[in-house]
Amino acid sequence: MRGLRTRCRTGVVGPLQFEVPSGEVFAILGPSGSGKTTVLRMIVRLEDAEGEVMLDGEDLWRLQPHILRRKVALVPQEPVVFSGTVFENISYGRLLRGENMRRDEAADLLSVCGLSEDFLDETAAKLSTGEKMRVCIARALANKPVVLMLDEPTAALDPSIGAKVLHAVFTHMRQQGGAVVLVTHRVQDALSFAERALIIRNGRQIAVGNIPEILHSPEADFLKQPHA
Amino acid sequence: MVGKGEYVVLSWDGVFVAALMGAAAVVYTLIERLRLGREAGIGMVRAFVQLLAAGYAIGWLMRRQIAYANLLAVCIMLLVAILVVLGRLREQRFYGKIRAVVLGLVLGALPVLLVAIVGVVRPKPLFDARYLIPIGSMVISAAMNNMTQVLNRLHAEFVSNRGEVEARLLLGATAAQAAHPHIRASVRAGMLRIINVLHSVGLVHIPGVMTGQLTGGMGAIHAAQYQIVIMYLLMSANCFSAIIAAKSAAAAILSNERVNL
């Protein structure tokens, strides 16, 4: 991604430049309000932006947005489920493309997200916030994206199993040859899950690289302050 | 006794008695401190002036029978209807609103009116003011009211369900696919009123056209025929204008496959 830049309601974000190799978990790290969510929304064209987003040599922004979003999935911070069952939610993306999804496929994806097959027939709206988030992740995985982007997933997940679920999801993506972009404001989450990170503050790129190295750089000192 | 084909001509005394009833209702709202008195009073005066003016205008058009003048009157009604809808949707700010309203009324109501005149009533001359103006007014005003309600609801749907719309877009839905549940909810809400009327018409209330024909001396079956035709035309105008306007508005709100609100 080169020269990613936008001017939106939350102010100016960018320019940003970073690369995410396949099989890697890449973190976007920064304090609340620094523009992390905007970066993800720019990539999938929910916000108007300038720049270039390349995937294996293909300029993704030349694609129609709905085609781009089948390759690059974004799971927002607030989990939103549709009316109907969990199975209907998970198979939604496939149905849009005229494909049917088998129940065992959906059950496998649920299991990656730490939910049993029994949940398939549950009414999605009746689930807890953490369960809804896991359904949202499974629903995104059902589209077989090349890049999975998660916006602060630990905020909605139960801390006791959140890490386990995320590790399972990242392993699944690695096995599929995909990459993960994880947005977080918690340094610990970045250290636990990601190899490399982009640090942003007030929409500006502060540092990009291996997490231990960039965390020790003076530019990243603000992350060590309690309010960050 | 009033025979078939005859009707009772109302005197101004009769109008005065009806106005007294209206005034009594206004006074009652004042006594009950409902804060409706001003609006109701102004409404009564406006109705008097507007209907009298319309009466004189339609009378003039009926005497002259100039096809272009009659068609111009319909165009003016259409223009006023567009302005009324835009006025009522003043607070619903979204790109493409004017286009949605114009398309909804022009493509939704005008063809229905054309079919009504050319295919159903078939008066001679074809654009006789006696038929064109009242039927045009019914079709256009029905479409106008329904469209206002549908567009208002659609805007509220997108505002309150923004997360759900974006979730659908993020899963690879096109704008049309993401908008469909919200278009369906809005159009259904708008159409339920006319559908309820279709279910209860003749059982509970006898609508204006049939009442007018009966009091005007027409036979009951012929009056019923007129009413059936009018109900079908109103449903069509409501339906076409609502769907066209809602789809146009949704396409504008979700242009570039993102929520532009």
Legend entry - the protein assembly as shown - charge dipole about Cα centre, Lys and Arg +1 at Cβ, Asp and Glu -1, debye rounded to 20: 1720
Inset, instruction - Above 22 angstrom, tally the Cα pairs of the range A:148-228 and express them as a % of all pairs, no decimals. - result: 27
Inset, instruction - Can you tell me the order of A:174-182, A:14-22, A:137-145 when each peptide is scored by its average per-residue count of other Cβ atoms within 10 angstrom, highest first? - result: A:137-145, A:174-182, A:14-22
Inset, instruction - Could you work out the mean count of beta carbons from other protein chains within 10 Å of each residue's beta carbon in B:169-182? - result: 6
Inset, instruction - Take the Cα coordinates of the range B:163-261, assign each an equal point scatterer, and use the Debye formula without solvent to give log10 I(q)/I(0) at q = 0.10, 0.17, 0.21, 0.23 Å⁻¹. - result: -0.44, -0.77, -0.98, -1.09
Legend entry - Protection proxy ranking, peptides A:84-93, B:158-167, average beta carbon neighbours within 10 Å, highest first: A:84-93, B:158-167
Inset, instruction - Determine, at each q value in 0.07 (inverse angstroms), the log₁₀ of I(q)/I(0) that the Debye formula gives when each Cα of the protein assembly as shown is one equal point scatterer. - result: -0.56
Inset, instruction - Quick one: plug the Kirkwood hydrodynamic radius of chain B (C-alpha pairs) into Stokes-Einstein at 37 °C, 0.692 mPa s, and report D in µm²/s. - result: 158
Inset, instruction - May I ask you to work out the translational diffusion coefficient for the range A:65-139 at 37 °C, viscosity 0.692 mPa s, via Stokes-Einstein with Rh from the Kirkwood sum over Cα pairs, reported in whole µm²/s? - result: 263
Legend entry - Cα-based convex hull volume of chain A per residue, rounded to whole Å³: 121
Inset, instruction - Report ³J(HN,Hα) in whole Hz for each residue of the range A:81-95, in order, from the Karplus equation J = 6.51 cos²θ - 1.76 cosθ + 1.60 where θ = phi - 60°; Gly and Pro get x. - result: 10, 8, 5, x, 7, 4, 4, 4, 5, 5, 8, 4, x, 5, 4
Legend entry - Of B:Val209, A:Ser83, B:Tyr7, farthest towards positive along the dipole that unit charges on Lys, Arg, Asp, Glu beta carbons give the protein assembly as shown: B:Tyr7
Inset, instruction - Could I have the simple spin-label model distance between B:His180 and A:Leu95, label points 7 Å from Cα toward Cβ, reported in nm to one decimal? - result: 0.9
Legend entry - Kirkwood Rh, angstrom, the range B:86-241 [1 / mean 1/r, Cα pairs]: 17.4
Inset, instruction - Shielding by partners for B:158-168, please: the mean number of other protein chain Cβ atoms within 10 Å of each residue's Cβ. - result: 3
Inset, instruction - Give, rounded to the nearest 20 debye, the magnitude of the charge dipole that the range B:59-144 has about its Cα centre when Lys and Arg contribute +1 at Cβ and Asp and Glu contribute -1 at Cβ. - result: 80
Legend entry - Farthest toward positive dipole pole in the range B:28-169 [+1 Lys/Arg, -1 Asp/Glu at C-beta], among B:Val139, B:Leu34, B:Trp60: B:Trp60
Inset, instruction - Would you mind ranking B:Cys239, A:Cys113 so that the residue whose beta carbon has the fewest other beta carbons within 10 Å leads the list? - result: B:Cys239, A:Cys113
Inset, instruction - Provide the gained length on full extension for the span B:Asn256 to B:Ala220, in nm with one decimal, where the gain is 0.36 nm per separating residue minus the Cα-Cα distance. - result: 7.5 nm
Legend entry - Which listed pairs, of A:Lys144/B:Lys97; A:Lys36/A:Lys144; A:Lys71/A:Lys164; A:Lys36/B:Lys247, have C-alpha distances above 30 Å, in listed order: A:Lys144/B:Lys97; A:Lys36/B:Lys247
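Laboratory data are not the source of any read-out in this text; all were calculated from the coordinates shown. Please read these numbers as outputs of a predicted model, since none were measured by experiment. Using ideal geometry, Cβ is built from the backbone for each residue, glycine included, and neighbour counts are taken over all protein chains shown.
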